[in-house]
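Shown next, in structure tokens, is the structure this report addresses.
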Amino acid sequence: MYASYSGLKRLLVGPPLPSHAEGHQRLTKRVALAVFATDAIASTAFATQEILAVIVPVAGMTAALEYLVPISLAVIALLVIVVASYFQTIYAYPSGGGSYIVSRENLGRLPSLVAGASLLVDYTLTVSVSIAAGVAAVTSAVEPLRGHQVPLGIAMILVITLANLRGAKESGRLFAPPTYAYVALMALLIVWGLYKTMQPDFQPLPIDETALSQFFTSGTGQAVTLFLLMRAFSSGAVALSGVEAISNGIQAFRKPESRNAAITLLVAATILGAFFFGIAVLAHRIQPTLSADQTILSQMGHYVFGNGPLYIALQAATALILILSANTAFADFPRLSGIIAGDGYMPRQLSQRGDRLVLSNGVLVLAIAAGGLFVIFAGDVTALIPLFAVGLFLSFTLSQAGMVVHWWRLRGRQWRLKLAVNALGTVTTGLVTLIVVTSKFTEGAWIPAVLIPVIVMVFLGVRRHYDRVGRALAIEPGVVVDPMRQAVIVLVGGRFSKGLLPALAFAEAQNAWYVRAVYVASDPQDADRVRRRWQEFHFQIDLDVIDSPYRELGSPVLDYIEQIDELDPDDVITVVIPEFVVHKWWEQILHNQSALWLKARLHFRPNTIVVSIPIQID
């Protein structure tokens, strides 16, 4: 069974890597852009549509397009502030960790746990939103796939999970070509599209009333209010998702880590800002119609490129980068959860690297959580977006507030300017967090607002457990090792087998004050048969037969052990269980698992040692 599992694992994940190979797994700037910046770049494919999805049902399509460019400029201004702040964070904290580390070092335990919980929620939603947007791009171009969003999305999550289990370097090389293809095609769409709109014969797209009717409400045509603009801005602001990813994964870069990470951040932010603004301007001029069946980007691509290969390539690249943008979360969620686990607030297994030098447990946890979320919301991007922004901007705010405290404590060269930049980032992202919570509370923003404190309480509960276990297991230098006085019992099966012989030999070698073989009989005839056979073999150890009229194994054995304990409460009881091991996984189901269940029950009994004597079946 193990051989079959190991072979499948090697096929899917690849051969194990030695620890000294970790340095060779670090990323160049070109590959790192595909690993850490795909989320930020890919958000340009759906952020504009999400702005329109807020305004259109209330004010109509024409009014929504008029507000699109100003809202996009506000989002870009926020992007500049956040990037400037994180640029400083990269150099101040070159070990990585982002908002969690900055908050832990400067704001204290509770704010750092809030930042950590916010980021973990954000990364989980990043995967769900990215995959949902990617599925929407695929179904926009391939009509037969419409209605199959959920299985299609789950399949995509599985593919990305396997790629990340193979290692960051391999996943980056795999995802780099689609990322750069999207960048090239999007740049071509914007430049060529704007050129076409400047021609004398240019005509914008007619409004598709049938498609638009799906978004109409009884209040359509109302005036645009400040509250509506706030909601639209908060939807568009999700374009900033992934900006913090590079500061979390600095140690994944080649040396000099901080410099390479900072350059990658500036390149990613430039691409994001240029594309986001370009798409907004192009949409304002071409005037596509909001539709449930075809994305805004697909309509503009069709208008600019026609039905030819460039349109197909654009849709394919868009779908790929939206799907692969989930890779940003797969790169950062395991790193962050590993850091938090190292501090004792999450299970320690999350801080352990797997065969491929990847924090594979974190990768699997993220895949399961994001897949479940995708199924619950049926892959609906608009339904997931309100959940998305709360954790994102809350982590931004805590990170910038931590940097303000950092510069105030450290002072140093140009500290006032640096503090001012981070203070502006704190105020701005804090206001956006309030806008997101208040404007989208009833649409789902209340879920992360409740979930984040719950996760923080789980963190604290895990830490209390580890602290309690640590105190219970701690020893001091000079401690005296007390001699062990033990009783040994050997469990005997109804059919005496070769496994019994080494078990009895082990028991005799322990020099214990009490040594017995024990058999649990289901009826008197069974008990007499085993006693007669025991006498025939002339074993040196006496046999005790326990009656079990209800044919149970565990409780009679535990009662027998309790009787031994009454003879000497300070002793340690060793239970020896002979068991044979089969080599094929399917052979295991042909045998009962009584020894396994008994060991599980004995595991929780104090002063009890369980020894398995395995017998290999050739």
In degrees, nearest 10, the alpha-carbon axis of helix 360-376 is tilted away from the dominant principal axis of the alpha carbons of the chain by 60
For segment 252-389, what value does the Rg/Rh ratio take when both radii are computed over Cα atoms and Rh is the Kirkwood radius, given to two decimals?
-> 1.05
What does segment 455-606 give for Rg and for Dmax, in Å, if only its C-alpha atoms count?
-> 19.5, 64
Taking a probe of 1.4 Å, how large is the accessible area per residue of the chain, in Å²?
-> 46
Could you pull the Cα extents of segment 437-491 along its three principal axes, largest to smallest, in whole Å?
-> 68, 38, 8
Residues of type aspartates and glutamates that Lys584 reaches as a straight line, Cα spacing below 20 Å, ignoring anything fewer than 8 places off in the same chain | Asp618
What fraction, in whole percent, of alpha-carbon pairs in the chain exceed 31 Å separation?
-> 59
Using only Cα atoms, figure out Rg for segment 341-451 and give it as a multiple of 2.2 N^0.38 Å.
-> 1.39
So what's segment 251-316 giving for Cα Rg divided by 2.2 N^0.38 Å, two decimals?
-> 1.57
Cross-link pairs Lys196/Lys440; Lys498/Lys599; Lys29/Lys440 - those with Cα-Cα distance over 28 Å = Lys196/Lys440; Lys29/Lys440
Could you check how much of the accessible area of segment 86-129 is carbon and sulfur, as a whole percent, using a 1.4 Å probe?
-> 62
Restricting attention to the alpha-carbon atoms of segment 409-452, what are Rg (one decimal) and Dmax (integer), both in Å?
-> 15.6, 46
Label-point separation, Val159 to Val224 (7 Å along Cα→Cβ), nm | 3.8
Note to self, the chain gives a 222 nm [θ] from helices alone (DSSP H runs n ≥ 4, -39500 (n - 2.57) apiece, / all residues, nearest 500) of -21500 deg cm²/dmol
Given charges at Cβ of Lys, Arg, Asp, Glu: the chain dipole, positive-most of Ser234, Trp534, Phe276 | Phe276
Quick one: grab the alpha carbon gyration tensor of segment 233-280, order the square roots of its eigenvalues as a ≥ b ≥ c, and give me rounded if a/c is under 1.5, else prolate or oblate depending on whether a/b is larger than b/c.
-> oblate
Projected-area average for segment 52-120 over all orientations - Cα convex hull basis, square nanometres = 6.4
For segment 526-618, inverting the pair-averaged 1/r of distinct alpha-carbon atoms gives a Kirkwood value in Å of 15.5
Test item: Cα-centred dipole of segment 326-464, Lys/Arg +1 and Asp/Glu -1 on Cβ, debye | 760
Sort 302-311, 315-324 for me by packing, meaning the mean count of neighbouring Cβ atoms within 10 Å per residue, highest on top.
-> 315-324, 302-311
Note on the chain: contact order normalised by length, alpha-carbon pairs under 8 Å, 6 or more apart, percent, works out to 22
Sequence ranges 197-210, 516-529, 258-271, ranked by mean other-Cβ count within 10 angstrom, highest first | 258-271, 516-529, 197-210
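The values are calculated or read from the model by the stated rules, or taken from the named source; none is laboratory data. Bear in mind the structure is a predicted one, so any value in this text is a computation, not a measurement. Cβ atoms come from the backbone with ideal geometry, glycine included; neighbour counts cover every protein chain shown. Surface accessibility is based on the protein's heavy atoms, side chains included, excluding ligands, DNA and RNA. Shrake-Rupley method; radii C 1.70, N 1.55, O 1.52, S 1.80 Å.
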